[in-house]
Each structure stands twice: as structure tokens, then as C-alpha cells.
1. Express the relative contact order of the chain as a whole percentage, based on alpha carbon pairs under 8 Å and six or more residues apart in sequence.
2. Set Lys and Arg Cβ to +1 and Asp and Glu Cβ to -1, take the dipole of the stretch 2-115 about its Cα centre, and tell me which of LEU52, TYR63, THR37 lies farthest positive.
3. Give, rounded to the nearest 20 debye, the magnitude of the charge dipole that the stretch 2-115 has about its Cα centre when Lys and Arg contribute +1 at Cβ and Asp and Glu contribute -1 at Cβ.
4. Taking the Cα centre of the stretch 1-47 as the origin, how large is its charge dipole in debye, to the nearest 20, when only Lys and Arg (+1) and Asp and Glu (-1) carry charge on their Cβ atoms?
5. Each label point is 7 Å from the Cα along the Cα-to-Cβ direction; what then is the distance between the points at ARG47 and LEU2, in nm?
6. Ratio of alpha-carbon Rg to the 2.2 N^0.38 Å globular estimate for the chain, to two decimals, please.
7. Can you give me the relative contact order of the stretch 38-89 as a percent, contacts being Cα pairs under 8 Å and 6 or more apart?
Amino acid sequence: MLLIGYKNCSTSQKARRWLEAEGLPFTWREITTQTPTLQELADWTARAGLPLKKWFNTSGRAYQALGLKDKLPAMDPDQQLALLASDGMLLKRPLLVWGEGVLVGFSPEAWAGRLKGGERHD
């Protein structure tokens, strides 16, 4: 599994501790130094089945500084993906990617349901 987050983000830290406590192996990827590529995001968003707006860190400084609340509705999906790929701080975090699964944001209940409910997590 690949856990993508920001080292100073408390939610990313909680997700990391949760995976460790559950004994689930993962590889850490720092979102500020290894921003997901456009191709990765296109693949992951398709697999997750979530609207693109759910992938944006709406409470983040970068999102607010760019005024994306008002701009996103006028952008097409390709423009939104390109924007997400341009700055890791625009992405909601953490992201957990494995096999065919992708989770956006951290919820212990949701993660337990997906990861312990019989889905592969290699």
C-alpha cells in the first residue's frame, strides 16, 4: 500500500499511526516533495469513483489563496486534474492507494471497512 500525506498534517499522522497499529504494511510518500502525477491522479480518481471536488483540500491555504471555491465549477475535469497535479497541497490527504483501491481522507471506520473487509491491500 502507498500512503501519501503531508508530514505536518495531523490527519496524515493519524492515518499513519492507524496503519501501524493495525499491522498493515505501507510505503510513505511525502506529498510536498513527490506530488502525484497527472497520470496517477487520472488513474486514482477513476478507481475511487468520487467526484473531483472531493479530492481538493478545501480548508487548505493553497485552495483558498487561489479562490478555487468560485473557480472550480467553471473548470472541466482535465483542468481540475492538472491543477491537482500542479501542487500537492491542493490535494485532500491522506491518500491510500493499493491494488485496485483508493481512499481519500482518513476515517478509521471507512478504512477498516475497506481494508479489513476482504479487499486486497498489497
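1. 35 percent
2. TYR63
3. Values: 14 positive and 11 negative charges, 80 e Å.
My answer is approximately 380 debye.
4. Once rounded to the nearest 20, the dipole reads 160 debye.
5. About 0.8 nm, to one decimal.
6. Its radius of gyration relative to the 2.2 N^0.38 Å reference: 1.03.
7. Numbers: 24 pairs, mean separation 25.8, N = 52.
Reported relative contact order: 50 percent.
Read-outs throughout are calculated quantities, based only on the coordinates presented, and are distinct from any laboratory measurement. In this text, all values refer to a predicted model and were calculated from it rather than measured experimentally. Note that each Cβ is placed from the backbone with ideal geometry, even for glycine, and that neighbours are counted across all protein chains shown.
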